[in-house]
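Structure first, then comments.
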Amino acid sequence: MVTRDDVAGRAGTSSAVVSYVVNGGPRKVSAATRSKVLRAIEDLGYRPNGLARALRTQKTYTIGLVVPDNVNPFFAQLAKAVEEAAFAQGYVLLLGNSSQDDTRQAAYVRTFLERQVDGVILIAESDIGQPALPGRTASALQGASTPLVLLDRHPSDLWAPSLTVDNEGGAYMATRHLLEHGHAEVVCLAGPTNLHPAQERTQGWRRALREAGMRPKTKSLARSRFRRDEGYVAARELFTGRSRPTAIFAQSDEQAIGVLRWAHETGVRVPEDVALVSFDGIAESAYTNPPLSTVAQPIEELGRRTVELVLAPQPGPAGSPAPEPECLPVRLVVRRTCGCAGEEQDGYAAAAVAPAPGRPS
Ligand code: RIB
């Protein structure tokens, strides 16, 4: 078996320096020496004992991330952004899907803690107005000293740094953009009531309508999970037996993709018969037909900032006031489904907004 001394001999340095390179410290190593050591490790096929290293350094250079469902491209892209940021810092990412199930979510948290990860990042299922986290997950975290960051949702009273985006402001921008196309009503296809992002986006939609002197009717608010199949079903219900909506704000690109498929199958033209703006800014939103106008979340920045937070010294012991949630800005990416004919425009500029076909300019 290749030992650290073999690597040191091959690289012309000491075993201690090999350890500094493998463990990322505690002493600094010059770039030239580091590269000789890494080449010797590669040439000799040296595999440091991770467990022995962890015992020695009290670090495993691993981070655990729990997402609701990485089949959803938003979570897939976000997990990739977290993984890139972690890898750049010398950490590997362990990923688990909670599948919106507290037992499963708790099992992943518990396993990550038992494996001595250096930090846990949780995109938690959280019930508005309920205790911060569902019971099993909360008990799995009870007393844990491992750094924790709550991403995308911020359960109210859990003591941990959290990172979200301006859901309310983004929904406001989307709804206002549709109103500026001349629509007399904007239907909101909201996400699940128990999730902060859905609640906050609904607030932004309401604010834009209120500012336009409109009172949202109960039937102007439909709901589904953040899924394509449920967006498809919701579209069918919205167009059955009621005055057909001419504008929809969908709270996720996933739901909007379902709406587009339903519209295509039934001959409802987008944006001519119904305009659509959604939320998330997943890569596919640029490739739907027509391309989606959407409120883009800063997915790369979310990944980078989350890793910075989880690797930073955790401020204050539990019991001190929870740190204020960090909230990153979002941007309206105008493409075609809203009714704008122009190229993709980043950012919410009060662009010359073409009136909806058949409506007065
Ligand atoms: O599409 C998944 C949705 O759930 C995103 O909007 C994200 O913010 C999460 O809350």
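Number of residues in region 100-131 that are in a loop (DSSP other than H, G, I, E, B) and modelled with pLDDT of 90 or more equals 5. Quick check, is Val71 free of Cβ contacts under 8 Å to residues at least 60 places away in the same chain, within 13 Å of the ligand (Cβ to nearest atom) and out of contact with any helix residue (DSSP H, G or I) (no Cβ under 8 Å at 6 or more places or on another chain)? It is true that Val71 is free of Cβ contacts under 8 Å to residues at least 60 places away in the same chain, within 13 Å of the ligand (Cβ to nearest atom) and out of contact with any helix residue (DSSP H, G or I) (no Cβ under 8 Å at 6 or more places or on another chain).
Mind checking whether some residue in region 154-166 is modelled with pLDDT of 95 or more, charged (D, E, K, R) and buried (at least 17 other Cβ atoms within 10 Å of the Cβ)? Within region 154-166 (the criterion being modelled with pLDDT of 95 or more, charged (D, E, K, R) and buried (at least 17 other Cβ atoms within 10 Å of the Cβ)), the answer is yes, since at least one residue qualifies. Restricting region 171-230 to residues that are part of a helix (DSSP H, G or I) and polar (S, T, N, Q) leaves a set whose member that is farthest from the ligand (Cβ to nearest atom) is Thr218.
Counting the residues of region 182-205 that are within 19 Å of Ala296 (Cα to Cα), free of Cβ contacts under 8 Å to residues at least 40 places away in the same chain and either surrounded by fewer than 19 Cβ atoms within 10 Å (Cβ to Cβ) or among the polar types (S, T, N, Q) (or both) gives 1. Among residues of region 36-51 that are in the same structural domain as Val21 (by TED's automatic domain parsing) and of a type in the set (A, V, I, L, M, F, W, C), none has a beta-carbon under 8 Å from a residue that is loosely packed, with under 15 Cβ neighbours inside 10 Å and part of a helix (DSSP H, G or I) at least six positions away or on a different chain.
Quick check on region 278-308: of everything there that is within 12 Å of the ligand (Cβ to nearest atom) and aliphatic (A, V, I, L, M), which residue is surrounded by the fewest Cβ atoms within 10 Å (Cβ to Cβ)? Out of the qualifying residues, it is Ala296.
The values are calculated or read from the model by the stated rules, or taken from the named source; none is laboratory data. For clarity, every value in this text was computed on a predicted model and none was experimentally measured. Heads up, the Cβs are rebuilt from the backbone with ideal geometry, glycines too, and the neighbour counts pull from every protein chain shown.
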